[in-house]
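Just so it is clear, none of the values below were taken in a lab; they were calculated from the coordinates. Keep in mind it's a predicted model, so treat the numbers as computed, not measured. Here the Cβ positions follow ideal geometry from the backbone for every residue, glycine too, while neighbour counts run over all protein chains shown.
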Amino acid sequence: MLGFWIFCLIMVLLIPAAMLALGRRFLVEPPRDINGLYGYRTARSMKSAETWAFAHAYCGRLWVRLGAVLLPLSALAMLPSLGKGADAAGLWCGGVTLVQTAVMIGSLFPVERALKRRFDGDGHRRFFSK
């Protein structure tokens with residue numbers, strides 16, 4: 001029983017750890033070239049080299065912050081399922097993971113909003129941000 005809970009705890013920590021690692025990677029060594037395989041890939045971020053670099057820097061900072069907050073909160077969120085049956089722990093783990101996934105997907109909105117404010121539809125920097 002405890003072994004399954006530990007497994008769930010480790011699984012729950014993967015998303016925040018990935019956000020921390022990728023956020024740091026995007027800040028320190030972002031993908032150099034616009035590509036369809038790796039990086040922050042949205043239509044707006046892939047408009048130009050400048051939008052690509054900006055999106056990675058912005059997303060990197062955001063993911064490092066969110067990952068640092070989510071990591072301990074996720075571990076704490078798993079405590080109520082400690083000592084419960086495997087079904088209860090599994091459901092709890094799924095719920096925590098659902099919240100983490102919503103936070104990760106939700107982080108796209110501020111990045112896209114920042115891109116829209118800073119760049120026009122063709123990926124050129126606006127002189128006066130909205």
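Taken across region 35-42, residues that are surrounded by 16 or more Cβ atoms within 10 Å (Cβ to Cβ), touching a residue at least 40 places away in the same chain (Cβ under 8 Å) and touching a His at 6+ places or on another chain (Cβ under 6 Å) do occur, with at least one present. The condition (being under 18 Å from Pro30 (Cα atoms), out of contact with any Cys (no Cβ under 7 Å at 6 or more places or on another chain), not in a helix (DSSP H, G or I) and not small (Gly, Ala, Ser)) is satisfied by just one residue among Arg65, Arg44, Arg61: Arg44.
Pull up region 79-88, narrow it to residues that are without any contact (Cβ under 8 Å) to a residue 40 or more places away in the chain and among the hydrophobic types (A, V, I, L, M, F, W, C), then point me to the one that is nearest to Phe109 (Cα to Cα). Ranking the qualifying residues of region 79-88, first place goes to Leu79. Suppose we filter region 43-73 for residues that are closer than 30 Å to Ile10 by Cβ, free of Cβ contacts under 8 Å to residues at least 24 places away in the same chain and crowded, with 16+ Cβ neighbours inside 10 Å; how many remain? Result for region 43-73: 0.
None of Leu115, Leu76, Leu91 is surrounded by 11 or more Cβ atoms within 10 Å (Cβ to Cβ), without any contact (Cβ under 8 Å) to a residue 24 or more places away in the chain and not in a strand (DSSP E or B) except Leu91.
The sole residue among Gly39, Gly60, Gly23 that is on the phi > 0 side of the Ramachandran plot and out of contact with any strand residue (DSSP E or B) (no Cβ under 6 Å at 6 or more places or on another chain) is Gly39.
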